[in-house]
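Below: one structure, written as structure tokens.
We did not get these values from a lab; they are worked out from the coordinates using the rules stated. None of these values were measured; they are calculated from a predicted model. Cβ placement follows ideal geometry from the backbone for every residue including glycine, while neighbour counts extend to all protein chains displayed.
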Amino acid sequence: MTTQFQKRPTNQRAVRCVVMRGGTSRGVFFHERDLPVDATQRQKILLAAMGSPDPRQIDGLGGADNLTSKIVIVGPSTHEQADVNYTFGQVGIDLPYVSYSANCGNLSAAVGAFAIEEGLVAPVHPITRVCIFNTNTQQLLVAYVPVSADGSPAVDGDCSIAGVPGTAAEIRMDFSATKGASTGKMLPSGNLVDLIFVPELGKKVAMSIVDVAKATVFFHARDVGIAGTESPDEFTPEILNRFWAIRNAAAAHVGLSPESRLPHPVSVAESTDYQNFMTKETVRAQDISFVTRRVGGPPPRLHKAFAATGAVCTAFAANLPGTIVHQVAQSFEDGIVRLGHPTGVFPVRIVIGPDGEIEEASYVRTARRIMEGTVYVRDSVLASDAFA
């Protein structure tokens, strides 16, 4: 059997990969067996494959955007209840790093389809349940993947999600087992609201730090001097730095290291009309639970849509009386929390049992295989001391 490390006349090494879209993200998927075990060599391959560090990622597969500078590694499960292991990596664009500190809920939706297509999970028509062990958070996720009669994941359907053109087959993701995914505690500080001093802002800010699916810190948009409906074009470096200053203060408060890039900062405000950044249509106040904006990084950047794991955490916080999110949220009779983000609405279903446990934390995404083939990495890059 030919391996990905077979010497090629071009002085490059070939690594098999698949490019997939999951939700509003796009990533390069690898089999665990096709990557070196050594962490340094693995990082070199992943950075080179994506073309990092370079603001344009011109020499690799990255798209010069946080939503497309992502990798996924899938392998046999090491968890007795799971079908596959899944590791997510956020690849730095102009900085040489691959961060495994958190999961990507959007690309999680593509893991089930990938596992079926690659023969790691047997297809069951019409819906295949794929249990996924996310190594980043040490948590179990469940994907319900629609499967055609021929055993392949369905791609066509009438499901539409904000931030993705057209419609496709619906994949339902359940994150109900992800309480304390990043810190081991649903409320890392033990409080629903903390009043934390932020040196860069010169004042104390009321925050709710919640950890379901991904540790997130919530605060009122007004506390960083914005209405909360701003588009990505309106998020100046100064505004982004205010978000990151709150993140830093919250991280220090609960003992998270700066390297973790957690908790992610999210602003919230009461529902109001605003303009969809992509379509220029009006997102109506009556159609959303509240307005929210989420910043990732470093360097800090506003998400043009909304991270799925962040959406799960935000929707759960909206159901938790006393949190900042609950203070601004309007409820809907169907129990669905509808997040108003820059490019539309992200609905999340949260069901909390009488004992306070999360019975369901689900959302709908779509996913599709875009390309499969070989990415080439120069031997000279692997032999260098850079990024060691």
Distribution of pairwise C-alpha distances over the range 277-344, 5 Å bins, in % = 3, 17, 25, 25, 18, 9, 3, 0
Enumerate the whole-percent occupancy of each 10 Å bin, from 0 to the last occupied one, for all C-alpha pair distances of the range 132-206.
-> 15, 24, 26, 21, 11, 3, 0
Can you list the residues, at least 5 places off or on another chain, whose amide H is less than 5 Å from the amide H of residue 345, using H built in the peptide plane?
-> 162
Place +1 on the Cβ of every Lys and Arg and -1 on the Cβ of every Asp and Glu in the range 194-350, take the dipole about the Cα centre, and give the residue among 291, 249, 217 whose Cα lies farthest towards its positive end.
-> 249
Per-residue [θ]222 nm for the chain (sum of -39500 (n - 2.57) over DSSP H runs n ≥ 4, rounded to 500) | -5000 deg cm²/dmol
When the Cα atoms of the range 66-164 are enclosed in a convex hull and the volume is divided per residue, what value in Å³ results?
-> 107 Å³
Could you give the longest part of the chain that holds none of the GluC sites (Glu not before Pro) found in DSSP loops with at most 15 neighbouring Cβ atoms within 10 Å?
-> 119-199
Would you mind counting up the charge near residue 352? Only other residues with Cβ under 10 Å from its Cβ, with Lys and Arg at +1 and Asp and Glu at -1.
-> -4
Sorting 73, 127 on the 10 Å Cβ count, fewest up front, what's the list?
-> 127, 73
Full-extension gain in nm, residue 11 to residue 285, via 0.36 nm per residue minus C-alpha separation | 92.9 nm
Compactness of the range 310-388 as Cα Rg over 2.2 N^0.38 Å, two decimals = 1.80
For residue 179, go through the lysines and keep the ones whose alpha-carbon is under 21 Å away, minus same-chain ones fewer than eight residues off.
-> 214
Place a label point 7 angstrom from the Cα of residue 37 along the Cα-to-Cβ direction, then list the residues of the range 58-73 whose backbone nitrogen is under 19 Å away.
-> 73
Which Cα, out of 382, 229, 193, lies furthest along the positive dipole direction of the chain (beta carbon charges, K/R +1, D/E -1)?
-> 382
Charge tally for neighbours of residue 132 with beta carbon under 12 Å away, counting Lys, Arg as +1 and Asp, Glu as -1, is -1
Gyration tensor over alpha-carbon atoms, the range 17-106, equivalent ellipsoid semi-axes in Å | 22, 15, 11
Rounded to the nearest 0.05, FRET efficiency between residue 355 and residue 334 (Cβ-Cβ, R0 35 Å) equals 0.95
With a 10 Å Cβ neighbour count serving as the proxy for reagent exposure, in which order, fewest first, do 355, 273 appear?
-> 355, 273
Could you give P(r) for the chain, binned at 10 Å from zero, as whole percent values over all Cα-Cα pairs?
-> 5, 24, 33, 25, 10, 2, 0
Direction-averaged shadow area of the convex hull around the Cα atoms of the range 187-331, nm²?
-> 7.8 nm²
Once you list every other residue whose beta carbon is under 15 Å from the beta carbon of residue 183, what net charge do they have if Lys and Arg are +1 and Asp and Glu are -1?
-> +2
Enumerate the amide H contacts of residue 70 below 5 Å, restricted to partners 5 or more residues apart or on another chain; note that Pro and chain-start residues carry no placed amide H.
-> 28, 91
